[in-house]
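Chemist: Pasting in a structure now, in structure tokens, and then I'll have a few things to ask.
The values are calculated or read from the model by the stated rules, or taken from the named source; none is laboratory data. Computed from a predicted model, the values in this text were never measured in an experiment. No Cβ is skipped: glycine too gets one built from the backbone with ideal geometry, and neighbour counts run over all protein chains shown. These accessible areas exclude ligands, DNA and RNA; they are computed on the full protein's heavy atoms, side chains included. Shrake-Rupley method; radii C 1.70, N 1.55, O 1.52, S 1.80 Å.
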Amino acid sequence: MRQPLIAGNWKMNKTPEEGVAFINELKENFPKTDAEAVITPTALAITAMQEAAKGTDIKIGAQNAHFEDAGAFTGEISPQSLASIEVPYVIVGHSERRDIFHETDEDVNKKTKAILDHGMTPIICVGESLETREAGKDQEWVAGQVKAALANLSDEEVSKTVIAYEPVWAIGTGKTASADDAETMIAHIREVVFEVAGQEASDAVRILYGGSVKPANVAELLAKDNIDGALVGGASLEVDSYTALLTGGVA
Ligand SMILES: O=C[C@H](O)COP(=O)(O)O
């Protein structure tokens, strides 16, 4: 049984102080839920939010990490440092990182490996552009990204990863893939994981949907067999909507 995961990706939003205020409010209103609750704030807010979340079920993750532990990489975040402060999850290969910061499939693979080597869990983002979808090449494209991200990992390592399917055209646009379309792609991703790493890994790996997820559509998405949670931007920024996501949303 795969535990649902509701990961909030705050992107470059909220100061550390605002992050702590969010955690304090979330603690007071934390709902009864089967889902694992993860918030990934900006790197500067991680430690203060971890402190605020101590003793609760709220986990604080990171949005990015370099693949090297140390060196001349001005402005980058060391996976070794993230592990040293016990960050459990690190997002890798978000489409904004790929598009704006030119991260390649090879970078995503190296980062995935580095994060696993440090005992953390990568949340590997994949997803097609509207052009690719309209050309009917979305499944092929996403399969290529998944295979590249998982290259040279052991089957056991693959089983520990989380994959997030985020169609680029659905991010921050208000356009969500239909629950059926998301399920079709996510089932395809699970099939690719099976090809790469076998049955056990494909049964174990959690695959999330991301792209304009909100309380109004989360229940339909999570009801699908292969969708194990959500990677959420905008709707994770307010305590009300984040708690609604944790409890399966409201219409
Ligand atoms: O990582 C999260 C995604 O980019 C989705 O963002 P969104 O929920 O604001 O569309």
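Chemist: In region 212-244, how many are out of contact with any Cys (no Cβ under 8 Å at 6 or more places or on another chain) and near the ligand (Cβ under 10 Å from one of its atoms)?
Modeler: 10
Chemist: When you check ASP180 against the structure, is it farther than 27 Å from ASN24 by Cα, open to solvent by 50 Å² or more (accessible area, probe 1.4 Å) and either away from the ligand (no atom under 16 Å from the Cβ) or assigned to a helix (DSSP H, G or I) (or both), yes or no?
Modeler: For ASP180, the condition - farther than 27 Å from ASN24 by Cα, open to solvent by 50 Å² or more (accessible area, probe 1.4 Å) and either away from the ligand (no atom under 16 Å from the Cβ) or assigned to a helix (DSSP H, G or I) (or both) - is met.
Chemist: Could you look through region 201-235, keep only residues that are part of a helix (DSSP H, G or I) and among the polar types (S, T, N, Q), and pick out the one that is nearest to MET12 (Cα to Cα)?
Modeler: So the residue we want is ASN217.
Residue by residue, here is whether (1) more than 22 Å from SER154 (Cβ to Cβ); (2) surrounded by 11 or more Cβ atoms within 10 Å (Cβ to Cβ); (3) touching a residue at least 40 places away in the same chain (Cβ under 8 Å) holds:
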site	(1), (2), (3)
THR74	yes, no, no
GLN80	no, yes, no
PRO88	no, yes, yes
GLY93	no, yes, yes
VAL126	no, yes, yes
ARG133	yes, yes, no
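Chemist: Kindly indicate whether ALA223 is in contact (Cβ under 8 Å) with a residue 40 or more places away in the chain, in contact with a Ser or Thr (Cβ under 6 Å, 6 or more places away or on another chain) and surrounded by fewer than 21 Cβ atoms within 10 Å (Cβ to Cβ).
Modeler: Criteria not met by ALA223.
Chemist: Name every residue in region 199-236 that is more than 18 Å from THR33 (Cβ to Cβ) and within 15 Å of the chain's Cα centre (by Cα), in order of residue number.
Modeler: Once the filter is applied, which keeps residues that are more than 18 Å from THR33 (Cβ to Cβ) and within 15 Å of the chain's Cα centre (by Cα), region 199-236 yields VAL205, ILE207, GLY210, GLY211, SER212, GLY233, GLY234.
Chemist: Among the residues of region 119-144, which ones are among the charged types (D, E, K, R) and either within 16 Å of the ligand (Cβ to nearest atom) or touching a Pro at 6+ places or on another chain (Cβ under 9 Å) (or both)?
Modeler: GLU128, ARG133, ASP138
Chemist: Another question, if that's okay. Here are some conditions: (1) in contact with a Lys or Arg (Cβ under 8 Å, 6 or more places away or on another chain); (2) buried (at least 16 other Cβ atoms within 10 Å of the Cβ). GLN3 meets all but one. Which one does it not meet?
Modeler: (2)
Chemist: Under the condition of being polar (S, T, N, Q) and crowded, with 20+ Cβ neighbours inside 10 Å, which residue from region 7-49 is nearest to VAL213 (Cα to Cα)?
Modeler: Only one residue tops the list, namely ASN9.
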